[in-house]
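Worksheet: one structure, shown below.
The values are calculated or read from the model by the stated rules, or taken from the named source; none is laboratory data. Remember, predicted model here, so these are calculated numbers, not experimental data. As a convention, Cβ positions derive from the backbone with ideal geometry for all residues, glycine included, and neighbour counts pool all protein chains shown. SASA here: full protein model, heavy atoms, side chains in, ligands and nucleic acids out. Shrake-Rupley method; radii C 1.70, N 1.55, O 1.52, S 1.80 Å.
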Amino acid sequence: MIDFDRIPAHVAVIMDGNGRWAQSRNLPHMAGHNAGMLALKEIVKASSTMGVQYLTVYAFSTENWKRSMEEVSGIFKLLVLYIEKELKELHENNVKVKILGDYEKLPKDAVKSLQRSLETTKDNSGLQFNIALNYGGRDEILRSVKKLAMEVEAGKLKAEEITEETIVKYLYTAGIPDPDMIIRTSGEMRLSNYLLWQSAYSEFIFTDVFWPDFSKKEYEKTIEIFQNRKRRFGGR
Ligand code: IPE
Ligand code: IPE
Ligand code: MG
């Protein structure tokens, strides 16, 4: 049973296995992404109801550009569709959308609908739904380090004044607490460049379920596993 008094504040998810889900059904890869979108809908809703404060999902990595043009543009088309279909409901449910990553490099129509979702939901106070898009943990740290170096160059900051806090200030996740748990579906056990800085003390939960099959029930199971972990943060 889930203890509703101890719901993780920040859940991060690596939504993996869309391709294998489709393959196992003899469907095209895009059908897997499509089904994945439906799973995402359910998990956003469940997060809201359970009282998760931040849900961060990995939707497109800086490495995912290596895929075929067809797949990459298919994913972005699906993203636009998702926002068109879901924005109204997200807004009604008081969800605040945020994007982590260099999303302005996405196709123009995707950037536009993303900006619309940010603008529409900016004053909402419910679940914060962070979508990692064209996101890479190394890229994120690199950007922060460059900004700090520029401040040092301009004489605005001394090298010895660089702290963990100044680095964090320039991460995409500035102001967001570190994820309490990171779920990865599809049996893969790696971070794939996700939240490298922020995952220092996150609990990792791996499940063999492919992302399109990740239901509310599966989600609740992972939260139960999380609640049975003993977190020490280096202490006794
Ligand atoms: C995850 O599913 C979604 C994205 C990376 C966009 P995959 O497309 O990676 O599915 P698999 O890993 O090939 O099964
Ligand atoms: C990680 O999945 C990225 C997303 C889920 C968006 P990948 O499928 O791209 O990761 P690798 O290539 O298996 O490490
Ligand atoms: Mg994958």
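Could you pull out the residue among I223, I167 that is β-branched (V, I, T) and under 26 Å from A46 (Cα atoms)?
Working: I167 fails: under 26 Å from A46 (Cα atoms).
The conditions single out I223.
Here are E218, E140: which of them is under 16 Å from the mean Cα position of the chain (by Cα) and either polar (S, T, N, Q) or surrounded by 12 or more Cβ atoms within 10 Å (Cβ to Cβ) (or both)?
Values: E218 fails: under 16 Å from the mean Cα position of the chain (by Cα).
Matching residue, one of E218, E140: E140.
Can you tell me which residue is farthest from P212 (Cα to Cα) among those in the range 23-60 that are within 12 Å of ligand 2 (Cβ to nearest atom) and out of contact with any helix residue (DSSP H, G or I) (no Cβ under 9 Å at 6 or more places or on another chain)?
Residues of the range 23-60 within 12 Å of ligand 2 (Cβ to nearest atom): 29, 32-33, 36, 40, 56-60.
Checking the rest, the ones that are also out of contact with any helix residue (DSSP H, G or I) (no Cβ under 9 Å at 6 or more places or on another chain) come to 56, 58.
Values: T56: 17, Y58: 14 Å.
My answer is T56.
Take the conditions within 22 Å of L55 (Cα to Cα), modelled with pLDDT of 95 or more and loosely packed, with under 13 Cβ neighbours inside 10 Å and apply them to R184. Does it pass? Walk me through it before giving the result.
On the way: within 22 Å of L55 (Cα to Cα): yes; modelled with pLDDT of 95 or more: yes; loosely packed, with under 13 Cβ neighbours inside 10 Å: no.
Judged against the criteria, R184 is not a match.
Does L191 satisfy the criteria of being closer than 10 Å to I14 by Cα, within 16 Å of ligand 2 (Cβ to nearest atom), in contact with a Gly (Cβ under 9 Å, 6 or more places away or on another chain) and open to solvent by 20 Å² or more (accessible area, probe 1.4 Å)? Before you say what the answer is, go through the steps one by one.
Numbers: closer than 10 Å to I14 by Cα: yes; within 16 Å of ligand 2 (Cβ to nearest atom): yes; in contact with a Gly (Cβ under 9 Å, 6 or more places away or on another chain): yes; open to solvent by 20 Å² or more (accessible area, probe 1.4 Å): yes.
The answer is yes for L191.
May I ask you to say which residue of T166, T62 is open to solvent by 20 Å² or more (accessible area, probe 1.4 Å) and within 16 Å of ligand 3 (Cβ to nearest atom)? Give the steps one after another, and end with the answer.
Values: T166 fails: within 16 Å of ligand 3 (Cβ to nearest atom).
Within the list T166, T62, the selection yields T62.
Closer than 17 Å to L55 by Cα, in contact (Cβ under 8 Å) with a residue 40 or more places away in the chain and touching a Ser or Thr at 6+ places or on another chain (Cβ under 6 Å) - does that describe any residue in the range 157-176?
The answer is no; no qualifying residue exists.
Here are some conditions: (1) within 13 Å of ligand 1 (Cβ to nearest atom); (2) of a type in the set (A, V, I, L, M); (3) open to solvent by 80 Å² or more (accessible area, probe 1.4 Å). L38 meets all but one. Which one does it not meet?
(1)
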